[in-house]
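First comes the structure, then the notes that go with it.
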Amino acid sequence: MRRVQKDPHDVMRKGPPRVVRWIVDRALPRDERGNAMRGDLIEEFRERGGSALWYWWHGLSVALRYARMRRQEKRSMRLESMWQDIRYAVRAYAKTPTFTLAVIATLALGIGASTAIFSMVNGILLEPLPLQDPSRLIYVNEVNPVGNRMSVAWPTYQDWVRRAQSVDALADSREEPMTLTGLDRPLRITARRVTANFFHVVGGHPALGRDFSADADVPNAAGEAIISDAFWRANFDASPSVVGRQVTLDAVPFTIVGVMPPAFQYIRAYDAFVTMGPISGLQQVTNRGNHSGFYAVGRLKPGVTAEAADREFKTIQSSLEREYPKTNAGISARVELLQDRVVSDIKLTLLALLGAVGCLLLIACVNVANLLIARGTARQHELAVRAAVGGSRARLTMQLLIESALVSLAGGLAGVAIAFALLRALVAVAPEGTPRIDAVHLNTTALWFAFGAAAASGLLFGLFPAGAASRVQGSESLRLRSSGASAGSHRVRRALIVVETALAIVLLVGAGLTMRTLQALTRVDTGFQPDHLVTMRVNLAGDAWTPARRLNFVTEVQSRVSAIPGVTRAAIAYSLPIDGSQWNSVFVAADKPEPIRAETPSAAMSPIGPQYFDALGMKVLAGRPFDARDSATSPRVGIINETLARRIWPGESAIGKRVKQGWYDSPESFSPWIEIVGVVGDVKFEGVTAETPMQLYLPLPQVPIRTPAIIVRTASDPASVVHAVEAIVHDIDKDLPVYSIRTMDQLLDSSIARQRMAMVVFAVFAGVALLLAAIGLYGVVAQGVTERTHEIGVRMALGADRRHVLTLVVRQGLSMALLGVVVGIVTAAALSRSIQSILFGVKPTDPITLVGVVGALLTVATIACCVPAWRASRVDPTQALRSE
């Protein structure tokens with residue numbers, strides 16, 4: 001083709017289509033090459049007789065091709081610019097290692113702590129239960145007249161199954177530890193007694209074998225068991241022949257019919273699930289007034305809510321109350337989602353810790369923002385020079401954002417390492433029995449959270465410093481060489497210090513309240529002496545253990561354990577202090593009017609052996625303890641605690657009074673009257689924080705038990721006698737495993753583990769927050785001193801003494817701290833009520849805590865201000881004036 005160098009618009013009188021020509025003009029470059037291409041298109045267009053169709057096709061093709069090329073060039077330029085910015089940022093950070101490490105360490109602490117707590121919250125609260133369609137699973141229980149949760153009576157469950165329309169299916173179950181015999185040694189296993197349709201309801205199916213038989217709930221049906229994958233591998237060598245094998249659990253034969261898949265878990269890990277048939281015909285189960293520890297789980301019909309199901313079950317309970325007034329008076333029902341019920345005891349604690357770690361992450365980000373602003377202020381001359389030689393504001397902003405993102409990424413990577421270590425520590429200090437604790441780990445969700453927090457920290461808190469620093473104009477370069485930071489920069493940094501101080505106050509108040517809670521818990525009078533005590537249990541299950549044989553067993557164990565060297569006292573009991581009641585029942589007093597059934601009092605029934613009160617160090621306030629007079633054939637007697645005596649017989653002596661378990665009209669053959677022969681002091685029974693319940697102690701010879709607890713008080717380390725006690729038990733019966741071996745100190749520690757975990761986390765976070773706030777305040781005051789060196793020199797030259805300068809600088813720093821304290825106290829007072837559930841013996845607005853927190857922070861703030869203030873007071877006026 002012939003090249004045309006003249007303007008293509010004058011080539012011909014009849015030009016190409018205007019729209020296409022307009023597109024081509026803007027797509028092609030305005031240079032010699034672009035003009036040549038325009039001319040070629042017009043020449044070809046003319047030679048083809050002015051074909052508009054041809055020009056449309058080729059003109060648009062050329063425009064699109066060059067538009068694509070220009071985009072690729074721009075993209076390449078942007079990538080090259082970004083790569084240059086990254087390399088420059090690495091070199092810049094390498095030149096200031098102290099600053100770089102400070103930013104990375106600060107971010108790593110905030111991101112690491114927040115990721116660890118988020119991992120716990122995610123694993124326990126947010127992740128769905130590992131069951132089929134868990135959002136439709138509900139947990140159903142009965143509720144007593146005062147609103148406390150109760151287990152479900154077996155006849156009531158059967159009524160629910162027949163009447164409930166809001167569920168597709170309903171199953172019943174209870175946790176039931178059992179003794180497995182017939183292997184090399186007896187094993188104490190974690191089992192769950194379930195109805196035949198249990199796995200159908202929760203959504204599970206054995207990976208090996210079959211589900212339970214449809215008639216497995218029928219009274220006296222042969223026992224069936226389905227074991228877990230882990231238990232199968234640990235005790236049966238993962239042999240498929242285990243299906244059909246018979247095992248003995250609590251002296252009852254069960255046939256293993258299946259093995260669950262490895263991923264299946266209901267609430268917690270269980271070794272085995274066993275059927276109802278062997279016990280469903282027992283009188284203690286079929287009695288409508290007996291609540292034997294069962295709780296129902298149901299699957300909602302599609303579209304039905306838990307609230308709707310709750311209303312229906314309450315309606316059913318109202319009907320049952322009318323039909324069975326003697327057993328169901330005042331008894332209601334409660335329905336809640338299974339996932340909510342599983343985590344209800346730990347939920348508020350975890351949310352409080354999540355809020356605390358959120359404060360810590362904000363403090364870390366504020367500190368990083370302060371550091372980046374200070375760095376941007378120091379680089380204003382550099383940025384002004386860049387602007388003077390052609391750098392656009394957008395280009396400078398992008399450079400600074402890349403720098404903040406780079407350091408945030410490094411902080412995120414370091415934070416993941418911190419989160420891994422911290423998460424292991426949190427799992428270790430978590431309360432015993434914390435639900436779903438095995439699901440807590442640094443999974444993909446937690447890692448996304450960590451890097452999301454890092455990205456947000458880098459972009460959000462780097463955006464303002466980048467914008468502020470990039471606003472510098474090129475004409476300011478010479479002026480910025482000698483001037484300090486802008487007033488706006490000062491105001492922002494001071495505002496950030498106020499925010500940081502306020503957040504630190506919030507964490508300090510949380511730490512103070514939880515510390516005061518733990519202090520109050522350790523000072524609670526438990527009513528007994530927990531030192532040098534060890535406890536353990538055995539299970540006397542099966543028909544072979546007759547009442548007489550059970551009594552002989554506990555008598556022999558107590559006698560032989562008492563003879564062990566180093567043992568000062570030994571006793572047998574059914575329930576233990578702190579550990580909670582194993583047997584609660586309504587009772588009536590003979591000399592009181594017959595109560596309304598819904599208002600009949602309830603007490604913890606506690607069969608005990610001789611020396612029980614001596615072994616625990618409890619006080620007998622009136623009457624006598626049990627002795628040899630209280631045999632199996634002697635008149636029934638009991639000892640009550642101070643709470644029961646005060647509530648039932650206020651201002652009277654309880655000695656000689658009579659009570660009986662059950663309702664007023666219960667036949668005496670079933671519930672004989674019991675004469676009160678003693679009153680003992682209260683002991684903390686359901687943990688340290690719970691109110692002491694009414695208790696009725698019964699002599700073991702009159703109420704033989706199947707799961708006795710052995711209590712041993714020693715002169716030295718209580719753990720030293722455990723093996724000797726186990727040897728005595730195994731010598732009496734080799735098939736009796738000894739389990740739940742714990743010192744009383746361990747029981748006390750586990751009862752306050754939730755509060756201790758909260759205290760440890762709050763204390764660590766508050767310490768880090770206080771340190772970061774002090775560093776931030778020091779940095780702001782120190783930079784202010786540097787920028788005001790000339791002013792300070794003038795003041796001193798005009799006669800100001802060093803004390804005046806010191807006061808001036810400290811007052812400036814403390815003014816920010818004081819404002820932050822005011823904001824923080826107001827915020828903490830509002831937020832501290834959210835952690836009320838983990839407090840004990842202290843109010844959310846405890847004045848001692850607030851005063852102590854304010855004093856601690858102001859002390860640290862004063863020290864942080866005094867260091868740069870002292871340096872300012874040492875300024876030589878002559879050198880300060882000469883430097884200007």
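Enclosing the Cα atoms of region 227-267 in their convex hull gives a volume equal to 81 cubic angstrom per residue.
Here Ala455 and Val851 are evaluated by their C-beta separation; at R0 = 35 Å the FRET efficiency comes out at 0.30. Placing unit charges on each Cβ (+1 for Lys and Arg, -1 for Asp and Glu) gives region 606-741 a dipole about its Cα centre, and among Ile741, Pro625, Ala715 the Cα reaching farthest toward its positive end belongs to Pro625.
Packing order of peptides 589-596, 105-112, 182-189, highest average first: 105-112, 182-189, 589-596 (average count of other Cβ atoms within 10 Å over each peptide's residues). In the full protein context, region 511-609 carries 41 Å² of accessible surface per residue, based on a 1.4 Å probe and ignoring ligands, DNA and RNA. For region 217-365, the per residue solvent-accessible surface stands at 41 Å², with DNA, RNA and ligands left out and a 1.4 Å probe. The Rg/Rh ratio for region 309-351, using Cα coordinates for both the radius of gyration and the Kirkwood hydrodynamic radius, is 1.20.
Note on Arg624 and Glu652: the model spin-label points, each 7 Å out from Cα along the C-beta direction, lie 2.3 nm apart. Dividing the convex hull volume of the alpha carbon atoms of region 685-767 by its residue count gives 165 Å³ per residue.
When the pairs Lys347/Lys619; Lys347/Lys843; Lys592/Lys684; Lys326/Lys657; Lys314/Lys684; Lys657/Lys684 are compared against a 31 Å limit on Cα-Cα distance, Lys347/Lys619; Lys314/Lys684 fall above it. Taking the charge dipole of region 483-578 about its Cα centre, with +1 at Lys and Arg Cβ atoms and -1 at Asp and Glu Cβ atoms, the residue from Ala541, Phe528, Ala570 reaching farthest to the positive side is Phe528.
Protection proxy ranking for 429-435, 366-372, using the average of other Cβ atoms within 10 Å per residue and placing the highest first: 366-372, 429-435. From most to least packed by mean Cβ count within 10 Å, the peptides 201-213, 113-125, 318-330 give 113-125, 201-213, 318-330.
Rolling a 1.4 angstrom probe over region 169-270 with all protein chains present gives an accessible area of which 52% lies on carbon and sulfur atoms.
Residues whose amide H falls under 5 Å from that of Arg192, counting only those 5 or more places apart or on a different chain, are Glu176, Ala272, Phe273, Val274, with hydrogens built in the peptide plane.
The values are calculated or read from the model by the stated rules, or taken from the named source; none is laboratory data. Just so it is clear, the structure is predicted and the values come from calculations on it, not from any experiment. A quick note on method: Cβ atoms are made from the backbone with ideal geometry, for glycine too, and the neighbour counts reach across all protein chains shown. Accessible surface is based on the protein model in full, side chains and every heavy atom, while ligands, DNA and RNA are left aside. Shrake-Rupley method; radii C 1.70, N 1.55, O 1.52, S 1.80 Å.
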